[in-house]
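Notes follow once the structure below has been shown.
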Amino acid sequence: AIHSLKLSRNHVDWHSVDEVYLYSDATTSKIARTVTQKLGFSKASSSGTRLHRGYVEEATLEDKPPQTSHIVFVVHGIGQKMDQGRIIKNTAMMRDTARKVEEKYFSNLATHVEFLPVEWRSKLTLDGDTVDSITPDKVRGLRDMLNSSAMDIMYYTSPLYRDELVKGLQQELNRLYSLFCSRNPEFEEKGGKVSIVSHSLGCVITYDIMTGWNPVRLYEQLLQKEEEEEELEEQRWMSYEEQRLLEELYITKQRLREIEERLHELKASTISKPPVLKFKVENFFCMGSPLAVFLALRGIRPGTSGSQDHILPRTICNRLLNIFHPTDPVAYRLEPLILKHYSNISPVQIHWYNTANPLPYEHMKPNFLNPSKEPTSAPEPESASAAPSPTTSPVMVRRHYGESITNIGKASILGAASIGKGLGGMLFSRFGRSSSTPQTMETGKDGPEEDKKATTTVGTPPLSHSSSGFLEPTVELEHRIDFELREGLVESRYWSAVTSHTAYWSSLDIALFLLTFMYKQDQEETDKSNLETL
């Protein structure tokens, strides 16, 4: 070799100007080179990789990267201290998966979606090493793992460290956005959008940043309510003069509170407080999220309106979407916190990546987890036996909504009832969404007419609730929020319960789901602006 260059795990040899080889310095490669050279082969032909200057294809002016019209901040949950840099690897997996989806389904678009990792945990000091110093030495590995993962939940529920976690994520989001805009000045000029994908506890922290929820404010409201109740209780045992003075004190407090509120409003109008985030969140995607539990424990209860504003105002975030695997033990549903009867309605099934001509999500009809059973007792009046509406029906005991297969699979199993009623019933009870067998089996009719009815349900318009499990027109959500990954037919639920919480990053189904919503919104706005121009 004329010249050699030593690298960290490799070295390069120049034999001539156009004959350059790269060699690995791994032990196995060295052994292979030694053996092949003793057999008479040259070093280059044995294990070297030849390097070339130049290009494969000549570049053109059009060969520039597509314009980024949408950036997605990917926020991690617990466990980042245990495996620092994991969110960067997970975001890279999500980005690579999204590229495959873009090439297959969105290659005709000139825009581009960029995924950026948000690593907020490593910069926090919190309690220093206090928790580590009080940790016993027995089963130390397990204890260290819990300290590095589950302890983040304890920190977030602590009034002492909660603000540090919130500010850490908030500052990192703003820093990354400012850095991206400084390197891409045309992003804001051309109306670029921002979405957030959060995982696990990151969903709760992101939600609190966007809404400005503060436990201190909630505590003050509860304290004020308790004081008023105590005052009313004390009035029962007071004399007339004491009651009169107490009423005057109560009126004075009310007046003082009104003055404080007016003063606060005046200060807010004169001093423009900077927004918490430097950008408007277009979509908030939650993956494996326990947000619903936190909201329920904060006193959020179902309302009568089907608006997302009940838990997240549209002025703060245009769209909230909750993605989860059916066996993820950390994930919970959000829709029943808006309308209670949605606990009986299955989440929307996310399309498989390779599904041909999938039905748009906004056209998918909601259907019940447990279609109503036929009455087995004596017949009742028609009004009593009619199928109850979703708004008035009680919450039914339901099986896991993961116990589902596609409509085609259901039809196949129902059709198998003509071969053997017992076998068909057993299969349907194992795989079917309902906790009871279909009405055709329940009534004992297993002739060809019944089988024909069962097999023709695929692709037919939704029927009434009492006959097919679909909803009658009633109070519904403005748009669906809960979206569920499809469970594999040969998937072990016990194993999935362990792995599903961290299996979102490389899913082609999720990548297609995210891009479908983001590109759809961009396309709609482009069409709208074109119409306005015309």
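Brief remarks follow.
- Per residue, in Å², the accessible surface of the stretch 20-146 once ligands and nucleic acids are set aside, probe 1.4 Å: 65
- Derived scalar couplings between HN and Hα for the stretch 314-322 equal 5, 5, 8, 9, 5, 8, 10, 9, 10 Hz in order, rounded to whole Hz, by the Karplus curve 6.51 cos²θ - 1.76 cosθ + 1.60 (θ = phi - 60°), x for Gly and Pro.
- Among E478, E282, the order of accessible area from largest down is E478, E282, computed with a 1.4 Å probe on protein heavy atoms.
- Each residue of the stretch 248-255 was assigned a 3J(HN,Hα) from its phi angle through the Karplus curve 6.51 cos²θ - 1.76 cosθ + 1.60 (θ = phi - 60°); the sequence is 5, 5, 5, 5, 5, 5, 4, 5 Hz, with glycine and proline shown as x.
- Accessible-area value, C203, 1.4 Å probe, nucleic acids and ligands omitted, Å²: 0
- Fraction of accessible area attributable to carbon and sulfur, the stretch 43-180 (%, probe 1.4 Å): 56
- Summing Cβ point charges (Lys, Arg +1; Asp, Glu -1) relative to the Cα centre of the stretch 3-53 gives a dipole of roughly 160 debye.
- Anisotropy class of the stretch 3-53 from Cα gyration tensor, a/c 1.5 cut: oblate
- Think of the stretch 243-360 as having a plus end and a minus end, set by charges on the Cβ of Lys, Arg, Asp and Glu; of S305, C317, L256, L256 sits farthest toward the positive end of this dipole.
- Furthest towards positive pole of dipole, S4, A26, S16, structure part the stretch 1-64, Cβ charges: A26
- Cross-link table K123/K340; K89/K193; K123/K278; K167/K340, entries beyond 29 Å C-alpha to C-alpha: K123/K340; K167/K340
- Measuring only protein heavy atoms, the 1.4 Å probe finds H363 accessible over about 110 Å².
- Between amide H atoms placed 1.01 Å from N, distances below 5 Å from I345 occur with L369, all of them 5 or more places distant or on a separate chain.
- Net dipole in debye of the stretch 317-375 [+1 Lys, Arg Cβ; -1 Asp, Glu Cβ; about Cα centre; nearest 20]: 100
- Computed from backbone phi with θ = phi - 60° and the Karplus coefficients 6.51, -1.76 and 1.60, the 3J(HN,Hα) list for the stretch 48-54 is x, 10, 6, 9, 10, 8, x Hz; x is used for glycine and proline.
- For I251, the accessible area of its heavy atoms, probed at 1.4 Å with every protein chain present, is near 110 square angstrom.
- Neighbourhood net charge (14 Å Cβ-Cβ; Lys/Arg +1, Asp/Glu -1) for R480: -3
The values are calculated or read from the model by the stated rules, or taken from the named source; none is laboratory data. Not measured: the values here are computed from a predicted model. A quick note on method: Cβ atoms are made from the backbone with ideal geometry, for glycine too, and the neighbour counts reach across all protein chains shown. Just the protein is used for accessible areas: all its heavy atoms, side chains included, with ligands, DNA and RNA removed. Shrake-Rupley method; radii C 1.70, N 1.55, O 1.52, S 1.80 Å.
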